[in-house]
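These notes concern the structure reproduced below.
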Amino acid sequence: MAHTHSYRATLSWRGETCGYDGYSREYSVAIPGKPRFRGSADAAFKGDAGLYNPEDMLVVSLATCHMLSYLAVCARLGITVLAYDDEAEGIMAIKDKRMRFTEVTLHPRVTLAAGADEARAQTAHERAHDECFIANSVNFPVRHEATIVR
């Protein structure tokens, strides 16, 4: 596997900044070879609540990176996972005089195949956390409170 990876995205916004309350926060994102999507600021910041916002996407990035890392760890360990669901939550607050994410908590609910080692499946979350590229890139805690089911 290469040690350097590059990712590109093209962001486009059109409008007119005619005062803080009056301009559109809607933008589009194009990533080569993938469908375009529309986003906005969070509704708390005068955006469109019906569109994805950067805060949503950060939480989703952390949750999906952990999931993909976890599935890879389990596959390498021979732990058969049948389903994975997560209800991730990110908290933003003022810290050091700036609004920022202060933590994200993942709540993975993992369904294992019959006979899978539950204890090893639980500890696989720690290894997945260590391997998650996105969690390794942020400056706030990313916690996981996992549940294993059969």
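Only the coordinates and a few stated rules stand behind these numbers; no lab work does. All figures in this text were calculated on a predicted structure; none of them were measured in a lab. In this analysis, Cβ positions are derived from the backbone assuming ideal geometry, glycine residues included, and neighbour counts consider all displayed protein chains.
For region 42-58, indicate whether the set of residues that are within 30 Å of residue 122 (Cβ to Cβ) and of a type in the set (D, E, K, R) is non-empty. Outline the logic, then answer.
Within region 42-58, the subset within 30 Å of residue 122 (Cβ to Cβ) is 55-58.
Filter once more, keeping what is of a type in the set (D, E, K, R): 55-56.
Yes, region 42-58 contains at least one residue that is within 30 Å of residue 122 (Cβ to Cβ) and of a type in the set (D, E, K, R).
Taking residue 133 as meeting all but one of (1) out of contact with any helix residue (DSSP H, G or I) (no Cβ under 9 Å at 6 or more places or on another chain); (2) exposed (fewer than 15 other Cβ atoms within 10 Å of the Cβ); (3) over 27 Å from residue 26 (Cβ atoms), write down the number of the exception.
Status for residue 133: all satisfied but (1).
Show me the strands (runs of 3 or more DSSP E) entirely contained within region 8-126 in which 1 or more residues are under 30 Å from residue 150 (Cβ atoms), more than 16 Å from the chain's Cα centre (by Cα) and touching a residue at least 24 places away in the same chain (Cβ under 8 Å).
Details: elements: 10-12, 27-30, 37-39, 81-86, 89-95, 98-106, 108-112.
Ranges flagged: 81-86, 108-112.
Can you find a residue in region 66-80 that is surrounded by fewer than 19 Cβ atoms within 10 Å (Cβ to Cβ), under 24 Å from residue 140 (Cα atoms) and of a type in the set (Phe, Trp, Tyr)?
no
Would you check if there is a residue in region 91-102 being aromatic (Phe, Trp, Tyr), farther than 21 Å from residue 139 by Cα and out of contact with any Lys or Arg (no Cβ under 6 Å at 6 or more places or on another chain)?
Kept after step one, since they are aromatic (Phe, Trp, Tyr), are these residues of region 91-102: 101.
If we keep only those that are farther than 21 Å from residue 139 by Cα too, we end up with none.
Taking every residue of region 91-102 in turn, none turns out to be aromatic (Phe, Trp, Tyr), farther than 21 Å from residue 139 by Cα and out of contact with any Lys or Arg (no Cβ under 6 Å at 6 or more places or on another chain).
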